[in-house]
Every structure is written in C-alpha cells, then in structure tokens.
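Scroll down for the structure; my scribbles are underneath it.
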Amino acid sequence: MVSIQDLKKINSYEWEIPQSYRPDMRVPVRIFASKELLQDVSRDKSLEQAVNATSLPGLVGSVMVMPDMHQGYGFPIGGVAATRYPDGVISPGGIGYDINCGVRLLGSRLTYQETKPYLNELATSLNQFCPSGVGTGGHHRLTTKEVEQVCREGSDWAKKSGFASDQDLRRTEEGGHIRGADPRHLSPRALKRGTDQVGSLGAGNHFIEIDLVEKIFDPRAAQAMGLQEGDLALQIHCGSRGLGHQVCSDYVKSLQAAVHRFGIVLPDRELVCAPMDSPEGEAYLSAMRCAANYAFANRQVLSHYAREAFESVLAGKVNDWHLHQVYDVAHNIGKIETHLIEGKSIQVCVHRKGATRAFGPGAADLPSEYKKIGQPVLVPGSMGTSSWVLRGTEEAMQRSLGSCCHGAGRVMSRTKAKKTIWGEDLRKQLEKDGITIRARSMSGLAEEAPAAYKDVDLVVDTVTNAGIAAKVALLKPLVVIKG
Amino acid sequence: MNDKTAGFEEVAHTADLEIRVWGKDLVSLFKQAAVGMLHLSGVEELEEGISFVKQNITLEAMDYEGLLILFLEELLYRLTEEYMIFEVGKLSISSEFTLKAQLKGTQIKSYQRDIKAVTYHNLNIRSTPQGYEVNIVFDI
C-alpha cells in the first residue's frame with residue numbers, strides 16, 4: 001500500500017508518486033491535497049488505485065487526484081487521467097457506472113427573508129414534483145425511439161419537448177448535447193431502463209437542495225452568474241440513472257475480451273479499456289456519450305419540475321420566483337479535449353471520475369458571459385454542510401487539465417455510518433440547525449451523514465490555494481430532498 | 001445462512017459496498033453471492049398474493065469471475081427492472097465456464113437500496129482449504 005513516505009512533495013498542496021514507484025506505471029501520479037487531507041487518503045486504497053490507473057496505455061502527463069479523493073473501484077474517486085486521442089485507450093471504469101453524474105445550480109432573485117415563510121411548503125412541493133427514491137421513475141414514459149432521441153440530443157431534446165430555455169442549454173457543459181452519440185451502441189436493456197427514468201433523481205447520494213447564497217467572494221464572477229448574497233439558489237445532483245449503469249456494465253464486460261486481443265496487461269480488471277480508434281473503443285465512446293446526454297436531459301427535466309414546484313408555491317406571493325440556470329457540470333465523464341501537455345497542444349480523452357471540468361477564462365466551450373471569468377465549478381458539500389461555487393482558472397488549464405474537485409469526498413464507510421449514526425437523530429439535528437429535510441429512507445440519510453465526509457471547506461481551500469480554482473460564492477443549505 | 005462452509009459478510013468500503021463470500025464449492029459460492037447481493041439491496045416485503053415465476057438461464061463467460069458477474073447482473077436486472085427476487089434452485093457450473101440455473105421468482109413491493117452495478121474491482125475467486133472465497137464490490 002502507498003504510504004505518505006512514498007510521496008514527493010512538490011509544494012504545500014501538490015505531491016507526486018514518481019513513476020519509479022512501481023514498474024508498470026506509465027506516468028507519475030500527481031496529488032492535489034493539503035497535508036491534513038493526505039492523512040485521510042492514506043487510510044483507504046485511493047492512492048493504490050491511482051497507481052493502478054497509471055498502467056493504462058496511451059496516458060499523457062500524469063494521473064491526477066483531487067483533494068476529495070477516496071477509494072472507488074478501478075480508478076479512485078477524484079481521479080483525472082488523459083489518454084492520447086485516438087490511439088490511447090478509453091476505460092469505462094475510469095468514468096464510472098453513473099455516467100455524467102453531475103451537478104446543476106440554478107440561481108434566483110428570491111431573498112431569504114421573503115421566502116422564509118414558504119420553505120417548508122417548497123420542500124413538500126419539490127418532493128412531489130421531482131420524483132426520487134429507490135426504483136422510482138419520472139413522470140414520463142418514453143418509447144424506445146424517444147429514448148434514442150434523448151441519447152442523441154440530450155438537452156436539445158428537452159428543449160424541443162418544452163423543458164428548457166436557450167439560456168439553460170448555453171449554460172450547460174457542451175450545451176447539454178455531446179455530438180457523436182449513436183444509440184445503436186446501446187443494448188436493449190440499456191434502452192429499456194431509459195424508458196421511465198428521465199426526470200427522476202434516484203437515491204444514494206443524489207439530492208435536490210435549496211441553498212442560501214451566504215457569502216460572495218468574487219463580485220464580478222457572482223454578478224455574471226446572477227448570484228447575490230442573501231438570495232436563494234437550487235442545486236440538483238444526479239446522473240444517467242439505470243441507462244448509464246447498464247452502459248458501463250455492458251462495456252466493462254465486453255472489454256474484458258478486448259484487452260486480451262490488444263495484449264493490454266492491467267493490475268485490476270475494472271480498468272479494462274480499448275484504444276479509441278478500435279471498434280470496441282469507438283463503440284464505448286459513443287455509448288458513453290448517449291448516457292451522458294441522457295443525464296443532461298434528466299437534470300434538465302428535473303429543473304423544469306423544480307421550477308414548477310417553485311411556481312406552485314410562490315406565484316402571487318412574491319414578485320419573481322424564476323430559477324435561472326447558473327451552470328451544469330458533469331463529474332463522471334470522458335471528454336475529447338485539446339490540452340497543452342509537455343509544451344505540445346494535443347487532443348486527449350480526459351477521464352474525469354468524481355472530478356469536475358474547470359476551464360479557465362477564454363475556453364471555447366464557455367458562453368460569452370463566462371468567457372472573462374472562467375467556467376463555474378460547482379462543489380456540493382455533504383448533506384447539511386456548505387457548498388461552493390468556484391470558477392476555473394488559467395492555472396487549471398496548465399496544471400490540472402482544466403479539472404477540479406467535485407465535492408467533499410467520503411471518509412467513512414456506509415456500514416460504519418449506519419452503525420454509528422441514527423437517521424432519525426440526524427434528521428432532528430439538521431432541523432435544529434435550520435435545515436428542512438425530506439428523505440425517503442432514514443438509513444439512507446444516516447449513510448450520507450456529514451460525519452461520513454471530509455470537510456468541504458478544506459477541500460476547497462486546497463484547490464484554491466493550489467490555484468486550480470478560485471472562490472466565487474458560499475452556499476448554505478436550507479432544504480434538502482433525498483431519494 | 002452463514003455457517004462455516006458457506007456464507008457472506010460485509011467488508012468496510014469508503015464509498016461503495018463490499019462483501020466477502022465463501023462456499024465449499026463454486027455452486028455454493030455463487031448461491032451465497034446471490035443471497036449477499038439481495039441482502040445489500042434490502043428487499044422488504046413480498047407482494048400480496050405472491051406469484052411464482054420459474055425461469056431457466058444459461059450464461060457463458062471467459063472465466064469463473066466473469067460468470068459470477070453475469071449471474072449477479074441477471075438477478076440484479078430482474079430486481080431493479082421487474083421487481084422480482086429469485087431463489088436459485090438447481091445450479092451447475094461447467095469447466096468451460098457455462099452456468100445453468102433454475103430460478104424461482106417472487107414479486108416484491110419494494111427494496112431499500114439501488115445497486116448500480118456489480119464491479120470487477122479486484123475480483124478474484126480464491127481457493128481455500130474449505131473451498132472457495134471471493135470479495136465483490138458493488139457500486140451504489
């Protein structure tokens with residue numbers, strides 16, 4: 001197991017596991033963490049998993065891990081790895097089962113003072129309008145043809161169906177529609193699982209949250225995003241649901257044979273992969289994009305119902321109840337991007353698993369209003385704790401492939417959390433702290449307890465001190481809806 | 001269900017769920033893995049007027065580990081998509097990595113936890129003096 005003694009200190013927030021650590025490493029591991037956060041990391045297998053990830057053929061630069069890293073399967077959560085396009089590999093396990101799990105932030109002009117009397121009603125209404133929980137589908141039942149359309153077009157499908165505005169799409173990573181998604185690469189099971197889950201939250205760590213914009217750190221960026229101190233905002237965290245899980249399962253399985261064919265030797269079978277210019281690699285890339293589009297559409301439809309929930313409670317009571325899109329980012333995805341690596345501008349597939357894109361000012365994919373400030377980076381905290389809005393920096397482009405952390409990161413196993421924390425007690429504590437909770441499962445609530453996570457403030461301090469993101473706003477939770 | 005020859009236990013994992021499963025032979029190992037997965041999904045109540053469905057499945061893989069994943073995925077798909085839990089009846093596993101199983105299914109009303117996938121992470125069926133054991137990580 002990798003220990004802290006194996007790490008080379010680059011500066012107070014960056015560490016390296018040199019390529020000489022293990023013979024099968026193709027590149028070094030670069031860790032973004034404070035010394036304090038490294039202590040957490042050394043307790044689980046995340047660094048070992050990062051070392052395993054360095055064995056993928058075609059890697060360039062280094063495999064990076066963000067300060068919210070924790071043990072996953074195959075890749076660690078918080079991992080970022082780039083492979084040369086198109087002859088490098090793509091690895092489904094380096095993206096994860098919940099393809100394009102991500103976060104969306106909506107802002108408002110609703111002040112906390114005027115909305116306070118309605119928060120309880122808003123919680124109930126959101127819970128009714130936005131379906132959540134284990135095995136719960138959305139309001140819509142799609143035909144297979146419609147699911148294929150969602151997979152091809154993502155949020156553009158949502159717009160055609162009346163669930164999105166132009167601004168919503170413009171302020172979504174890739175406009176919510178990644179090109180090159182061909183549903184012919186999806187299995188019948190994947191398509192079937194997509195028929196009833198568009199616009200559904202799911203369970204686990206997914207949530208909808210009403211937040212208070214508690215503090216602004218960068219007024220110019222906050223203004224561009226439409227965030228003001230004392231106003232409400234809404235976060236949605238979910239992904240591609242059963243369709244995405246099925247895509248990943250299907251391809252992790254089918255690529256088991258491909259690695260033999262390509263003579264690729266890996267330390268963990270979950271890392272199976274295929275060159276992107278092989279039929280297997282092309283098929284997965286296309287199927288993964290289908291699931292990513294499904295997830296963009298899913299969050300878009302959920303936003304539509306969240307807006308309806310707000311309207312149903314607040315219409316006639318306040319002047320402006322509209323929720324405007326701030327941004328929507330993926331944190332489990334593989335993207336073909338151009339980066340400057342070792343002095344050369346090259347096309348790579350950036351695997352982000354539990355990591356967020358954080359493009360700096362001027363990046364091509366950003367809408368005009370964000371061109372000067374950089375991409376909004378959304379970092380939700382654990383349930384009941386603060387969340388952060390950051391922005392991407394020029395340094396992120398140079399040092400972290402335009403990537404950043406995605407959340408607080410777990411430190412405690414679910415089993416231990418359930419044993420030590422009683423869901424009902426936790427709910428009472430959170431309500432005492434002024435947070436309204438709607439949760440389908442009390443044991444599920446216990447598993448997501450703040451004590452099971454790292455301190456998100458420490459994670460955010462690390463990425464901002466390292467320079468790969470800058471603080472824009474601090475959000476404090478008021479209402480939490482859990483599946 | 002746990003005894004010396006066959007059973008399962010939960011192993012701590014930071015974010016997902018892991019079980020260690022053991023059995024005196026591959027058949028009992030596979031059956032225990034199925035029981036372990038259902039335990040993790042927290043199946044609650046059976047549908048009133050229980051209906052039984054019988055199904056036979058045949059699966060093929062490149063090795064026993066691959067076969068174990070296919071087998072668990074089949075059961076997981078039926079749970080999440082059809083709300084059916086299956087008791088595994090006669091089960092045979094050939095040395096050519098073909099699995100044949102008779103399944104007896106029961107409709108359920110709900111379950112507690114969505115298991116997103118059965119992963120290949122460090123999946124390795126080990127032989128022990130008592131038979132076989134394996135650790136399985138589920139993404140949740």
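Worth a mention:
- Only a single criterion out of (1) touching a His at 6+ places or on another chain (Cβ under 8 Å); (2) away from chain B (no Cβ under 14 Å) is not satisfied by A:Leu59, namely (1).
- B:Gly66 part of a strand (DSSP E or B) and under 15 Å from the mean Cα position of the chain (by Cα): no
- Within region B:77-126, the set of residues being in a strand (DSSP E or B), of a type in the set (Ser, Thr, Tyr) and more than 7 Å from every other protein chain (Cβ to nearest Cβ) comprises B:Ser92, B:Thr98, B:Thr106.
- Residues in region A:371-403 that are closer than 15 Å to A:Phe32 by Cα and crowded, with 24+ Cβ neighbours inside 10 Å: A:Ala396, A:Ser400, A:Leu401, A:Gly402, A:Ser403.
- The set of residues from region A:195-211 being more than 21 Å from A:Ala449 (Cβ to Cβ) and not small (Gly, Ala, Ser) comprises A:Thr195, A:Asp196, A:Gln197, A:Val198.
- When each of A:Gly93, A:Gly88 is tested for being within 12 Å of chain B (Cβ to nearest Cβ) and open to solvent by less than 10 Å² (accessible area, probe 1.4 Å), the lone residue that passes is A:Gly93.
- Restricting region A:265-290 to residues that are away from every other protein chain (no Cβ under 14 Å) and surrounded by fewer than 21 Cβ atoms within 10 Å (Cβ to Cβ), the residue that is nearest to the chain's Cα centre (by Cα): A:Ser286
- Checking each residue of region A:440-452 against the condition of being under 18 Å from the mean Cα position of the chain (by Cα), surrounded by 22 or more Cβ atoms within 10 Å (Cβ to Cβ) and not β-branched (Val, Ile, Thr) gives at least one match.
- For region A:227-239, the condition holds for no residue, the condition being that it is hydrophobic (A, V, I, L, M, F, W, C), open to solvent by less than 10 Å² (accessible area, probe 1.4 Å) and assigned to a helix (DSSP H, G or I).
Residue-wise test of (1) farther than 15 Å from A:Asn298 by Cβ; (2) more than 14 Å from every other protein chain (Cβ to nearest Cβ); (3) not aliphatic (A, V, I, L, M).
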residue: A:Gly138; (1), (2), (3): no, yes, yes
residue: A:Gly175; (1), (2), (3): yes, yes, yes
residue: A:Ile178; (1), (2), (3): no, yes, no
residue: A:Asp182; (1), (2), (3): yes, yes, yes
residue: A:Lys192; (1), (2), (3): yes, no, yes
residue: A:Gly199; (1), (2), (3): no, yes, yes
residue: A:Leu212; (1), (2), (3): yes, yes, no
residue: A:Gln228; (1), (2), (3): yes, yes, yes
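- Scanning region A:230-246 for residues that are within 21 Å of the chain's Cα centre (by Cα) and either closer than 20 Å to A:Leu478 by Cα or more than 14 Å from every other protein chain (Cβ to nearest Cβ) (or both) gives A:Ala233, A:Leu234, A:Gln235, A:Ile236, A:His237, A:Cys238.
- Meets criteria (aliphatic (A, V, I, L, M), within 11 Å of chain A (Cβ to nearest Cβ), in contact (Cβ under 8 Å) with a residue 24 or more places away in the chain and open to solvent by less than 50 Å² (accessible area, probe 1.4 Å)) for B:Leu70: yes
- Restricting attention to region B:8-25, the residues that are open to solvent by 20 Å² or more (accessible area, probe 1.4 Å) and farther than 25 Å from A:Ala408 by Cα add up to 6.
- Residue within region A:42-60 that is in a helix (DSSP H, G or I) and touching a Cys at 6+ places or on another chain (Cβ under 7 Å) present: no
- When the residues of region A:1-51 are filtered to those that are open to solvent by less than 70 Å² (accessible area, probe 1.4 Å) and among the aromatic types (Phe, Trp, Tyr), the one that is nearest to the chain's Cα centre (by Cα) is A:Phe32.
- Among the candidates B:Ser28, B:Ser51, B:Ser41, residue that is more than 10 Å from the chain's Cα centre (by Cα), open to solvent by less than 30 Å² (accessible area, probe 1.4 Å) and away from every other protein chain (no Cβ under 14 Å): B:Ser28
- Where helices (runs of 4 or more DSSP H) fall entirely within region A:354-446, those with at least 2 residues that are away from chain B (no Cβ under 14 Å) are at A:368-371, A:394-399, A:423-432.
- Among the residues here, A:Lys160 does not qualify as in contact (Cβ under 8 Å) with a residue 24 or more places away in the chain, over 25 Å from A:Leu445 (Cβ atoms) and surrounded by fewer than 24 Cβ atoms within 10 Å (Cβ to Cβ).
- Of the listed requirements (1) touching a His at 6+ places or on another chain (Cβ under 7 Å); (2) open to solvent by less than 20 Å² (accessible area, probe 1.4 Å); (3) not charged (D, E, K, R), A:His406 misses just one: (2).
- Look at (1) within 14 Å of chain B (Cβ to nearest Cβ); (2) without any contact (Cβ under 8 Å) to a residue 60 or more places away in the chain; (3) surrounded by fewer than 21 Cβ atoms within 10 Å (Cβ to Cβ); (4) closer than 25 Å to A:Val460 by Cβ and you find that A:Val65 fails only one, number (3).
- Which listed residue is touching a helix residue (DSSP H, G or I) at 6+ places or on another chain (Cβ under 8 Å), surrounded by fewer than 24 Cβ atoms within 10 Å (Cβ to Cβ) and β-branched (Val, Ile, Thr), from A:Thr54, A:Thr124, A:Thr136, A:Thr111: A:Thr54
The values are calculated or read from the model by the stated rules, or taken from the named source; none is laboratory data. These numbers were taken from a predicted model, which means no experiment stands behind them. Note that we place each Cβ from the backbone using ideal geometry, even for glycine, and neighbour counts take in every protein chain shown. Side chains included, ligands, DNA and RNA excluded: accessible areas come from the protein's heavy atoms. Shrake-Rupley method; radii C 1.70, N 1.55, O 1.52, S 1.80 Å.
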